[in-house]
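Below: one structure, written as structure tokens.
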Amino acid sequence: VGEQVLLKCSFRSSSPITESLQVDWTYRPFTGGQMETVFHYQSAPHPPTAGKFKDRISWVGNVANGDASIAIQSPALSDNGTFICSVKNPPDV
């Protein structure tokens with residue numbers, strides 16, 4: 001609690017990395033409920049503009065190196081849950 005948390009995500013692709021590459025991070029609270037997209041990357045980072053992670057998630061990845069990691073500022077116990085990183089690099093998923 002209180003310290004920045006790094007959520008690591010690494011990937012490999014048999015296709016060249018292009019502008020079509022997309023990274024989506026989703027979150028489901030530990031208590032259950034709806035999955036929500038908390039971060040999107042395509043050509044540039046698109047942090048959330050609403051919701052519980054607004055202004056708290058930053059992109060720390062480097063897609064050229066197979067890294068799609070994010071960081072969460074000021075985490076709280078209420079942020080506990082499942083975070084899923086999904087990388088699509090057409091035609092590779």
> Taking 0.36 nm per intervening residue step and subtracting the Cα-Cα distance, what contour gain separates THR37 from VAL5 on full extension?
Replying inline: 9.7 nm
> If the cut-off is a Cα-Cα distance under 19 Å, which lysines reach LYS88, setting aside same-chain residues fewer than 8 apart in sequence?
Replying inline: LYS8
>> Taking 0.36 nm per residue of sequence separation and subtracting the Cα-Cα distance, how much length would be gained by fully extending the chain between ILE17 and PHE30, in nm to one decimal?
In response: 1.3 nm
>> Restricting to Cα pairs below 8 Å that are 6+ residues apart, what does the relative contact order work out to for the stretch 4-88? Please round to a whole percent.
In response: 40
> Any idea what Rg and Dmax come out to for the chain if you just take the C-alpha atoms, in Å?
Replying inline: 13.4, 40
>> Using the Karplus curve 6.51 cos²θ - 1.76 cosθ + 1.60 with θ = phi - 60°, what ³J(HN,Hα) values do you get for each residue of the stretch 5-18, in whole Hz, with x for Gly and Pro?
In response: 10, 9, 9, 7, 8, 10, 8, 10, 9, 7, 9, x, 6, 10
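Readers should treat all values here as calculations from the given coordinates under stated rules, not as data from a laboratory. What you are looking at is a predicted structure, and each value in this text was computed from that prediction instead of being measured.
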